[in-house]
1. Could you tell me the ratio Rg/Rh of the chain? Both radii from Cα atoms, Rh via Kirkwood.
2. Given R₀ = 25 Å, what would the calculated FRET efficiency be for L87 paired with A11, taking r from the Cβ atoms and rounding to 0.05?
3. Compare the Cα positions of L62, G44, H31 along the charge dipole of the stretch 1-103 (+1 at Cβ of Lys, Arg; -1 at Cβ of Asp, Glu; about the Cα centre) and return the one farthest towards the positive end.
4. With axes computed from alpha carbons, what is the tilt in degrees of helix 62-75 against the longest principal axis of the chain, rounded to the nearest 10 within 0 to 90?
5. May I ask you to derive the FRET efficiency for T18 and K71 from their Cβ-Cβ distance with R0 = 30 Å, giving the value to the nearest 0.05?
6. Counting only C-alpha contacts under 8 Å and six or more residues apart, can you give the relative contact order of the chain as a whole percent?
7. Treating only the Cβ atoms of Lys and Arg (+1) and Asp and Glu (-1) as charged, compute the dipole magnitude of the chain about its Cα centre; round to the nearest 20 debye.
Amino acid sequence: MGTPQEAVEAALTDRYQTTVPQPVRRALGLHKRDRIRFAFRANGEVVLQRVSPDPSEEDPALAPFLALLEKDIASHPERLQPIGADLVQRLQDLMAAIEVDLDEALPDDEPA
């Protein structure tokens with residue numbers, strides 16, 4: 001983990017996106033899909049903080065639905081089936097024509 005004297009840098013894409021460097025993720029205990037907050041200090045510093053999930057913001061239907069799936073899978077494991085090669089090929093065919101440029105500016109981005 002980085003010490004308070006160390007600095008870690010990251011680059012911004014044309015869409016003002018970045019990757020949180022591994023030492024920062026480790027220091028904050030961040031995992032995929034976690035939320036972060038930028039806190040502004042009076043002296044001009046910006047502090048990156050991990051946001052603890054607010055239970056009131058959670059989808060009230062998600063936990064019961066996942067519990068139902070878990071129970072069904074445990075009760076009937078024979079119902080689980082691997083994804084077949086035909087479905088994988090169909091999905092790849094459907095996505096083949098989709099082009100995504102992750103560096104392309106978003107429509108409401110202001111020019112730098």
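Each value in this text was obtained by applying a stated rule to the coordinates, not by laboratory testing. The model shown is predicted, which means the values in this text are computed figures rather than measured ones. Note that each Cβ is placed from the backbone with ideal geometry, even for glycine, and that neighbours are counted across all protein chains shown.
1. Radius of gyration relative to Kirkwood radius: 1.09.
2. 0.10
3. The residue sitting farthest along the positive end of the dipole is G44.
4. 40
5. On the way: r = 40 Å, r/R0 = 1.35.
Efficiency computed from Cβ-Cβ geometry: 0.15.
6. 23
7. Magnitude of the dipole: close to 660 debye.
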